[in-house]
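Participant: Handing you a structure now.
The values are calculated or read from the model by the stated rules, or taken from the named source; none is laboratory data. Everything quoted here is computed from the prediction, not taken from an experiment. Note: ideal-geometry Cβ built from the backbone for every residue, glycine included; neighbour counts use all protein chains shown.
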Amino acid sequence: MFSQVEIQIEGSAGWAANLPTWRVEKHWLLDVFWGGRAMTGYHAWVFAFMFVFFHFPMVANGRYDWRAEGHALGCVMLFWIAEDFLWFVFNPAYGLGRFSPQDVLWHKHWLWQAPVEYWIFLPVAAALLGWSTTRPRPG
């Protein structure tokens, strides 16, 4: 559903290219933490909102532990990978046929037909979710 929300907001201009928001196009930290993509006001607020959303159960329960944190971070990573990929699948301006480095210029680094971030964060998310859902054996 969130992919559809972003499609309705961004249309065919991915990565908030045509939105009335601030943008930082070049900075060395963007290369390190953002895959070389621009940081926009839109993405700063959306990413922060989703981070808080996935941490809300810990706040609501009043319980924090490292497994819960791992679960929240794994869910955030899995959410963004799925949301990003489905943005292309459902967007009438793209579809799977245009899911490529030639058409998706804001994903700067690709490996095996997908953005590198997918290959980095999918196993990390799986490991975090696996670890967070297993309980240590009693002593």
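Participant: Within the set of pairs 6+ apart or on separate chains, which have a first residue in region 70-98 that is in contact (Cβ under 8 Å) with a residue 60 or more places away in the chain and surrounded by fewer than 16 Cβ atoms within 10 Å (Cβ to Cβ), a second that is assigned to a helix (DSSP H, G or I) and not aliphatic (A, V, I, L, M), and C-beta atoms under 7 Å apart?
Facilitator: The qualifying pairs are 90/3; 90/4.
Participant: Tell me, please, whether a residue that is within 23 Å of residue 8 (Cα to Cα), in contact with a Pro (Cβ under 6 Å, 6 or more places away or on another chain), buried (at least 17 other Cβ atoms within 10 Å of the Cβ) and of a type outside the set (Gly, Ala, Ser) can be found in region 101-114.
Facilitator: Yes: one or more hits.
Participant: Those residues that are farther than 23 Å from residue 1 by Cβ and either among the aromatic types (Phe, Trp, Tyr) or touching a helix residue (DSSP H, G or I) at 6+ places or on another chain (Cβ under 9 Å) (or both), I need them from region 76-125; list them, please.
Facilitator: Matches in region 76-125: 103, 108, 109, 110, 111, 112, 119, 124.
Participant: Right, another one. Taking region 1-21 only, how many residues are buried (at least 16 other Cβ atoms within 10 Å of the Cβ) and under 20 Å from residue 117 (Cα atoms)?
Facilitator: Adding up the residues that qualify gives 5.
Participant: Among the residues of region 104-139, write down those that are in a loop (DSSP other than H, G, I, E, B), modelled with pLDDT under 80 and of a type outside the set (D, E, K, R). Steps first, please.
Facilitator: Here is the first cut: in region 104-139, the residues in a loop (DSSP other than H, G, I, E, B) are 104-109, 112-113, 134-139.
Filter once more, so that each one left must be modelled with pLDDT under 80: 104-109, 135-139.
Scanning region 104-139 gives 104, 105, 106, 107, 109, 136, 138, 139.
Participant: Hey, among 24, 59, 46, which residue is surrounded by fewer than 12 Cβ atoms within 10 Å (Cβ to Cβ) and of a type in the set (A, V, I, L, M, F, W, C)?
Facilitator: 59
Participant: Another question, then. Answer yes if at least one residue in region 50-64 is free of Cβ contacts under 8 Å to residues at least 60 places away in the same chain, within 15 Å of residue 107 (Cβ to Cβ) and aliphatic (A, V, I, L, M), and no otherwise.
Facilitator: Checked region 50-64: no residue is free of Cβ contacts under 8 Å to residues at least 60 places away in the same chain, within 15 Å of residue 107 (Cβ to Cβ) and aliphatic (A, V, I, L, M).
Participant: Check 67, 37 and return the single one that is in a loop (DSSP other than H, G, I, E, B) and of a type in the set (Lys, Arg).
Facilitator: Among 67, 37, only 37 is in a loop (DSSP other than H, G, I, E, B) and of a type in the set (Lys, Arg).
Participant: Among the residues of region 1-32, what is the count of those that are assigned to a loop (DSSP other than H, G, I, E, B) and either in contact (Cβ under 8 Å) with a residue 24 or more places away in the chain or among the aliphatic types (A, V, I, L, M) (or both)?
Facilitator: Looking only at region 1-32, we keep the residues that are assigned to a loop (DSSP other than H, G, I, E, B), and these are 1, 11-22, 25-27.
Next, only the ones that are either in contact (Cβ under 8 Å) with a residue 24 or more places away in the chain or among the aliphatic types (A, V, I, L, M) (or both) stay: 1, 11-17, 19.
Final tally of qualifying residues: 9.
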